[in-house]
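Student: Dropping the structure in here first, questions after.
The values are calculated or read from the model by the stated rules, or taken from the named source; none is laboratory data. No experiment lies behind these values; they were computed from the predicted model shown. Every residue, glycine among them, receives a Cβ derived from its backbone with ideal geometry; neighbour counts consider all protein chains shown. Ligands, DNA and RNA are excluded from the accessible area calculation, which covers all protein heavy atoms including side chains. Shrake-Rupley method; radii C 1.70, N 1.55, O 1.52, S 1.80 Å.
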Amino acid sequence: MEEAAKTARESLDQAFHISNILDTGLDRRTLSVLIALCDLGLNPEALAAVVKELQREPCPLPPTPAAPSSFP
């Protein structure tokens with residue numbers, strides 16, 4: 001069991017290194033989730049399309065409270 005965990009960790013390290021070389025912008029956790037989804041049988045090309053779409057969309061800014069006016 002310990003050997004399997006070590007192998008999985010090394011594989012993720014290598015995948016993360018490749019991800020950084022390709023400048024994907026994925027963090028280790030996201031990459032790990034994507035790999036797990038592929039392992040469950042999801043289509044890697046479909047996942048890549050979703051990731052690209054999500055990276056393309058701007059992140060919505062949280063609403064800011066209205067600043068109190070200093071003018072009467």
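Student: For the chain, place one equal point scatterer on every Cα, skip the solvent, and apply the Debye formula. What is log10 of I(q)/I(0) at q = 0.20 Å⁻¹?
Tutor: -0.95
Student: Once you charge only the Cβ atoms, +1 for Lys and Arg and -1 for Asp and Glu, what is the size of the charge dipole of the chain about its Cα centre, to the nearest 20 debye?
Tutor: 260 debye
Student: Whenever you get a sec, line up 9, 56 from highest to lowest accessible area (probe 1.4 Å, protein heavy atoms).
Tutor: Result of the area sort, largest leading: 56, 9.
Student: Quick one, could you list the DSSP H helices from the chain stretching 27 Å or more along their long axis (Cα atoms) with average Kyte-Doolittle hydropathy of 0.0 or above?
Tutor: Answer set is empty.
Student: Per the helix-only calculation at 222 nm, which mean residue ellipticity applies to the chain, given -39500 (n - 2.57) for every DSSP H run of n ≥ 4 and division by its residues, nearest 500 deg cm²/dmol?
Tutor: Helix-only estimate at 222 nm: -20500 deg cm²/dmol.
Student: Once neighbouring chains are kept in place and the probe is 1.4 Å, which whole percent of the accessible area of the chain is contributed by carbon and sulfur?
Tutor: The C+S portion of the solvent-accessible surface of the chain is 63 percent.
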